[in-house]
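None of the figures in this text is laboratory data; all of them are computed from the coordinates on show. This one's a predicted model, so the numbers in the text were calculated from it and none came from an experiment. Here the Cβ positions follow ideal geometry from the backbone for every residue, glycine too, while neighbour counts run over all protein chains shown.
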Amino acid sequence: MSSTLPVTTGPFPVRALGGPTAFFEYGGLRFLTDPTFDAPGDYPRGDGRFLTKTAPAAATPAELGRVDAVLLSHDEHADNLDTSGRALLSEVPLTLTTPGGGKRLRESLGDRVKGLADWESVALDRPGGGTVTVTGVPALHGPGAREEVEPFTGQVVGFVLTGEGLPTVYVSGDNASLDAVREIAARFGPVDTAVLFAGAPRFTVLFDNRVIVLDSAMAAEAARILGARRVVPVHYDSWAHFTEGREELRAAFAAAGLADRLDWGKDA
């Protein structure tokens, strides 16, 4: 049977709200990544130190309106899920996250949360018929092998969104592994829109100060590997531990001959 769903493979608006938080409509469903809406200030990170937020989000949850699903790369760090973000999850029909995060959040959210293992998919009903498929994909929150990284930074998951007549969308989450990107590209490339978490965050007490999320040059290389037609960078502003920002991203993509792929998001 031929499909009656419209083909909409062109770019769609993505609102970059600050830090890792982005908002977009895809297949008639409204998605939000890693919700962080708390005010600027210092937030404990669990080892006696603090993460410092330097700027407010570009919109409040109330201003966004309906959210159908949250794509939560991980629940354990305040710069990816803060107090306001946790409150929002109770109002959202579905939160997709890591298997461990699914177990932790199920106490408060029940069936509103689902953990996705690598390559596990869930189909979401579209308002106009058909489905959006969300697939959990590998992510590694630091340099090295999974068994070396996860004891310190925890599980992280990325997401790929697909649907009949829809562009392929990749949301990286807090990933620092280009090997993971290569695996994703082998299964889903080329990607129409890549929402890449960047910012080159570093901590002297972790991994000898090496980056725990993509730096700017790595983000450009990820775009090349994915064959990404459009890249929306997030996770490069609003927090003091991000060591590279918009200018470094702009320079890296220009050096890679990919400057025309950058889209700074509706609110940027």
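Computed values, structure above
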read-out: 3J(HN,Hα) from dihedral phi, the range 126-139, Karplus parametrisation 6.51/-1.76/1.60, rounded to Hz, x for glycine, proline; value: 8, x, x, x, x, 9, 9, 9, 10, 10, x, 10, x, 8
read-out: Simple Cβ-charge dipole of the range 17-258, Lys/Arg +1 and Asp/Glu -1, about Cα centre, in debye nearest 20; value: 320 debye
read-out: Positive minus negative residues near ASP34 (Lys, Arg vs Asp, Glu; Cβ under 9 Å); value: -2
read-out: Most mobile of ARG45, ARG250, ARG229 in a GNM of the chain (Cα contacts under 10 Å); value: ARG45
read-out: Cut-off 11 Å between beta-carbons: net charge of the residues surrounding GLN155, Lys and Arg +1, Asp and Glu -1; value: -2
read-out: Correct choice for Rg and Dmax of the Cα atoms in Å that was computed from the model, options (1) 17.2, 60; (2) 18.3, 55; (3) 20.7, 61; value: (1)
read-out: Amide H contacts of LEU94 (H built 1.01 Å from N, under 5 Å, at least 5 apart or other chain); value: VAL70
read-out: Rough spin-label spacing in nm, given labels placed 7 Å along Cα→Cβ, for TRP119 and THR52; value: 4.4 nm
